[in-house]
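Peer 1: Questions regarding the structure given below will be posed in turn.
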Amino acid sequence: MGEGMTALVIPERVPFRIDPMQWEDVPEVMGIERRAFSMPWPMRAYEQEILHNPNAHYLVLRPRAMRAVAPVLPPRRMPILGYGGFWLVPDEAHISTIAIDAPWRGRGLGELMFLALVEEAIARGANLITLEVRASNLVAQHLYRKYGLEVVGRRPRYYRDNNEDALLMSVEGVRLPAYRQRLEALKARLWDRLAAAGPIPAAPIDTN
Ligand SMILES: CC(C)(COP(=O)(O)OP(=O)(O)OC[C@H]1O[C@@H](n2cnc3c(N)ncnc32)[C@H](O)[C@@H]1OP(=O)(O)O)[C@@H](O)C(=O)NCCC(=O)NCCS
């Protein structure tokens with residue numbers, strides 16, 4: 001994998017792209033972060049992750065700049081619609097965050113981001129994927145179950161804003177053929193779904 005590349009190969013017909021998160025992306029990411037989470041990370045957390053943590057891998061999701069849609073904008077200037085990241089230590093990928101900006105939810109983009117994280121983790125040597133999720137966050141849990149994660153533990157009162165429990169979810173053996181097959185089947189369905197959505201507007205969201 002070269003510099004600036006990500007593991008997930010997205011077909012041309014799918015109008016979205018995934019890139020490694022850059023330091024310049026962080027102000028835009030922070031906008032989504034503040035809207036998506038009741039306890040948003042401070043900007044310095046992203047600074048630490050991106051600039052100083054060699055085990056951290058963060059990705060951003062944007063519309064693909066297509067000629068007919070946005071002739072003047074180079075790909076990197078398209079708005080960020082979502083992001084996610086994980087820590088890899090040593091063959092365990094711990095997904096630390098994932099979010100899609102609210103107007104863009106429910107169209108398969110959270111799944112695209114999650115798939116990109118899983119593929120990136122596998123390409124970098126992960127065999128286990130794990131994460132914590134709020135007990136009340138059924139949407140996220142549903143997504144994770146779709147990708148084979150199961151509840152393996154509970155951390156009581158883990159979230160300090162409302163004393164909510166965290167569920168610990170994980171899936172093992174993601175390098176094995178059975179899981180690869182599952183991923184390929186999910187991927188094929190996701191490409192059809194995302195491609196069927198058609199071209200997306202060039203400047204769909206207010207990122208303030
Ligand atoms: C969790 C999140 C990333 C999902 O993104 P999304 O773009 O809305 O989800 P998608 O449209 O890609 O849906 C993927 C899967 O998620 C689940 N899902 C999505 N919306 C759902 C809903 N309203 N009810 C139940 N499950 C839902 C389903 O499993 C769905 O697969 P399906 O379409 O085959 O049923 C998004 O809701 C989000 O950013 N939430 C706020 C931040 C957050 O909670 N992050 C997770 C922290 S652990």
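Peer 1: With the structure loaded, tell me whether M78 is at pLDDT below 95 and touching a strand residue (DSSP E or B) at 6+ places or on another chain (Cβ under 6 Å) or whether it fails that test.
Peer 2: Numbers: at pLDDT below 95: yes; touching a strand residue (DSSP E or B) at 6+ places or on another chain (Cβ under 6 Å): yes.
Answer is yes for this residue.
Peer 1: Among residues belonging to segment 80-134 that are of a type in the set (V, I, T) and more than 9 Å from the ligand (Cβ to nearest atom), point out the one that is farthest from A196 (Cα to Cα).
Peer 2: The first filter runs over segment 80-134 and keeps only residues of a type in the set (V, I, T), leaving 80, 89, 95, 97-98, 100, 118, 122, 129-130, 133.
Now narrow it down to the ones that are more than 9 Å from the ligand (Cβ to nearest atom): 80, 89, 118, 122, 129-130.
Details: I80: 21, V89: 37, V118: 23, I122: 28, I129: 30, T130: 31 Å.
Going through the qualifying residues, I end up with V89.
Peer 1: Still on this structure, please answer the following. Residues of segment 160-172 being surrounded by 12 or more Cβ atoms within 10 Å (Cβ to Cβ) and not acidic (D, E), which ones?
Peer 2: The answer is A166, L167, L168, M169, S170, V171.
Peer 1: Pairs, please: C-beta under 6 Å, at least 6 apart or cross-chain, first residue small (G, A, S) and in segment 94-105, second more than 6 Å from the ligand (Cβ to nearest atom) and in a helix (DSSP H, G or I)?
Peer 2: Partner pairs satisfying both residue conditions: A99/I32.
Peer 1: Here is a follow-up. Can you tell me which residue among M39, M21 is surrounded by fewer than 15 Cβ atoms within 10 Å (Cβ to Cβ), at pLDDT 95 or above and under 21 Å from E132 (Cβ atoms)?
Peer 2: Going through M39, M21 in turn, the sole match is M39.
Peer 1: Conditions: (1) buried (at least 17 other Cβ atoms within 10 Å of the Cβ); (2) more than 13 Å from the ligand (Cβ to nearest atom); (3) more than 20 Å from V14 (Cβ to Cβ); (4) not small (G, A, S). R157 meets all but one. Number of the miss?
Peer 2: (1)
The values are calculated or read from the model by the stated rules, or taken from the named source; none is laboratory data. Just so we're clear, the structure is a prediction, and the values are computed from it rather than from any experiment. For neighbour counting, all protein chains shown are included, and Cβ atoms are generated from backbone atoms with ideal geometry for every residue, glycine included.
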